[in-house]
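Below is one structure; the comments refer to it alone.
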Amino acid sequence: MEVKNCIKCMKLFNYVSGPSICPACRKNIEEQFKEVRLYIRKNSDASISEVAEACNVDIKQIRQWIREERLSFSSDSSIGIECESCGKSIKTGRFCEACKVQMATNLSSAYKKEEVKEENPYENKDTSSKMRFLNKDK
Ligand SMILES: [Zn+2]
Ligand SMILES: [Zn+2]
């Protein structure tokens with residue numbers, strides 16, 4: 001069994017998978033998460049730094065939960081993180097709606113390009129068989 005130092009408390013623990021965090025710290029983080037979620041529910045207009053201070057949780061940790069879409073906020077909440085693409089304020093996840101749409105468009109146009117590439121050999125076959133047909137007619 002692998003033994004690692006916990007990145008939170010530096011204690012040695014039997015490592016299984018995921019981030020190097022011992023079971024005790026993992027439990028702590030879950031407790032913090034519940035506290036933060038509850039605080040946000042009660043104080044929907046609190047900022048991230050207010051939540052961090054009130055719950056004694058690292059701002060980075062809160063932002064990570066938002067990125068992971070574990071925390072979500074009402075649209076009138078002032079809490080937000082930046083879209084990873086354009087920097088616009090968003091409530092949860094990694095990208096704003098506009099960037100998501102943009103990315104979906106990029107993806108589907110890339111897919112269309114692939115389709116055209118795949119269709120080409122068939123088109124060529126069609127033309128060549130038509131050519132042969134025309135040749136026969138002559
Ligand atoms: Zn630990
Ligand atoms: Zn964006």
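If ALA110 passes every condition in (1) at pLDDT below 80; (2) near ligand 2 (Cβ under 10 Å from one of its atoms) but one, which one does it miss?
Looking at each condition in turn, ALA110 falls short on (2).
Would you mind finding the one in ARG63, ARG26 that is under 24 Å from the mean Cα position of the chain (by Cα), among the basic types (Lys, Arg) and either away from ligand 1 (no atom under 16 Å from the Cβ) or part of a strand (DSSP E or B) (or both)?
The conditions single out ARG63.
Here is a list of conditions, (1) in contact with a strand residue (DSSP E or B) (Cβ under 7 Å, 6 or more places away or on another chain); (2) of a type outside the set (S, T, N, Q); (3) not in a helix (DSSP H, G or I), and ARG94 meets all of them except one; can you say which number that is?
With (1) in contact with a strand residue (DSSP E or B) (Cβ under 7 Å, 6 or more places away or on another chain); (2) of a type outside the set (S, T, N, Q); (3) not in a helix (DSSP H, G or I) applied to ARG94, the lone miss is (1).
When residues of the range 42-58 are filtered for being among the hydrophobic types (A, V, I, L, M, F, W, C) and either assigned to a loop (DSSP other than H, G, I, E, B) or in contact with a Ser or Thr (Cβ under 6 Å, 6 or more places away or on another chain) (or both), how many remain?
2
The values are calculated or read from the model by the stated rules, or taken from the named source; none is laboratory data. The model shown is predicted, which means the values in this text are computed figures rather than measured ones. For neighbour counting, all protein chains shown are included, and Cβ atoms are generated from backbone atoms with ideal geometry for every residue, glycine included.
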